[in-house]
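Down below is the structure, laid out as structure tokens.
Just so it is clear, none of the values below were taken in a lab; they were calculated from the coordinates. Predicted model only: the values in this text are computed from it and were never measured. Quick reminder, even Gly has a Cβ in these numbers, built from the backbone with ideal geometry, and neighbours come from all protein chains shown.
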Amino acid sequence: MHIKKYDHDYSRRFFMEKTAKGLMGAGVLTSLWPLIGNTGDITKAYPEELQSLEAYTKGKVKEGDVITADNVEHVKDLLDPVAYTQVSQMGRRIRVRPQTKDVSKLFPHDFYQATLKNQGKAVLDDNGNVVVKGTGKPWIGGAPFVDPQNGLEAFANITLSWGRHDTSIYAVEDNDIGPNGDIEYQYQLAWCEKNTTALVSHPDGPYLEGEEDKLRYQSVWFTYPNDSKGTSFLNIWKYDQREFPDLFGYLPAFKRVRRFPTNQRFEPIVPGITFFLSDAWAAGDPMLTWGNYKVIGRGPFLGSQSGTWHGDQDNWS
């Protein structure tokens, strides 16, 4: 007889106990990030049930399957409420891919290396901003809190580096759906973000010279349709997360640059669009302008981290 040391519900009990005690470590069998630093592999940090959906669901859902309304109940506790509703009631389908166990494949190389190099060096100052321990300087790159102890530390990991690169640019096709289900507006645009602090690939270090008081420049410009072509906006983020960004825009019809009130970030920047500047990465506002972040639970989760590169497809960008 083979008795499993970690039965099916071990992980659930483990996370519930840690949450109740206010403990926040990411690993189950051992501390996660020291293990990642040594091997890059998470295998020894988690029991079998957290490394295979087939093991977790006792064979009811496995890699290669598609999660639909017919089987979503088996993974309900692994989905956020919105995703569960979309699958169970709205026809969404989720393809199950094998888990990525090599953490180096989940981050850009430079960001990953900076995270390992700088772990343990970040603290929140008296205002709640992330600074380097002992110096009070802006953050120096990578995820500042690999083992976050509260909601603010967890959210800082997203806010300080949206795309995990010093500079990122994305080509976006936007289709806005009306109440009757038809496409009412279509746009093509470019989205660019450039950090000025917490840099990981800059040859002169973690800061852009003279820009240490800022976090990033973020811009969006439209290329289609013709009546919106050339319309562009620039967000200038201050490093102090208590302050809102400065917002500037160029409107071709007026051939001028104007400054917009910062709350324009919560409004459509062109007619009909339902994506706002404040939506970026679910962290489009400085993190201290909202506040009251709380960790309400910890546990395993189905995410979209594995196998998301589809460069072989003609329309992939």
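A few points about this structure:
- Listed peptides 137-143, 198-204 appear in the order 137-143, 198-204 once ranked by packing, highest mean of other Cβ atoms within 10 Å at the front.
- Residue pairs exceeding 30 angstrom between C-alpha atoms, taken from LYS117/LYS214; LYS238/LYS294; LYS101/LYS294; LYS117/LYS194; LYS121/LYS294; LYS229/LYS294: LYS229/LYS294.
- If you take all other residues with their beta carbon under 9 Å from the beta carbon of TYR185, and give Lys and Arg +1 and Asp and Glu -1, the sum is -3.
- Normalised contact order of region 108-294, rounded percent, pairs of Cα under 8 Å and 6 or more residues apart: 17
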